[in-house]
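For reference, the structure is listed below as structure tokens.
Please treat every number below as a calculation from the coordinates, not as lab data. These numbers come from a predicted model, not from an experiment. Ideal geometry is used to build each Cβ from the backbone, glycine not excepted, and the neighbour counts take in all protein chains shown.
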Amino acid sequence: MPDVWIGFNSDDRQRYWWRNGLVMLALAGVMVAMSLTTHESGKWWWVGGVGVLSVVVFLSTIKSIYGRALLTVTGLEFRTFISRRVIPWSEVVGIERRQRVLRSGIWWDLRVVRTRGRSIAVPGTFTNRVMDAELERKQTAIDECWSRAVSG
């Protein structure tokens, strides 16, 4: 069985970068407005706090956009901007689609349910499209690799 990569294609990455750019512009605008309109001595704490929040949002977006999963004979390898993790197929109980309702909309992602410990989101699988064929394709690929590995 050849190794299979799960991740975002270039169109999805570009779409999420545009979204991230708008959020970063909004946060930069808040920082500028706070620094120009507040005349208190403690304003730099607020500006610094928003700046730190901006960096966290930016790094989280990079992790989400460029994270990928490699499906191998032995298990799943999660590769993100921040970390790498290997989950053997023997620890996998199931692959499920989870839905999160946020102010920005309804988001779906795929999660690996393990025999022990919490379930883990598969990098490169979140979407806000209702009927996303790409998410279906990714879930089918993971299910097929998992069933082949378990059945021997």
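A few comments on the model shown:
- Point-to-point label distance, V30-D11, nm (Cα→Cβ direction, 7 Å offset): 3.2 nm
- Segment 1-68-segment 106-152 distance, computed between alpha-carbon centres (Å): 26 Å
- Between 0 and 90°, nearest 10: helix 133-151 axis offset from the chain longest Cα axis: 40 degrees
- With a Förster radius of 22 Å applied to the C-beta separation of R118 and R84, the computed FRET efficiency comes to 0.75.
- Theoretical FRET efficiency, 1/(1+(r/R0)^6), r = Cβ-Cβ of E40 and S104, R0 35 Å, to 0.05: 0.65
- V150-V55 pseudo-label distance in nm [points 7 Å out on the Cα-to-Cβ vector]: 4.3 nm
- Ellipticity estimate at 222 nm from DSSP helix runs (n ≥ 4, -39,500 (n - 2.57)) divided over the chain, nearest 500: -16500 deg cm²/dmol
- On the basis of the beta-carbon distance and an R0 of 22 Å, R97 and L22 show a calculated FRET efficiency of 0.25.
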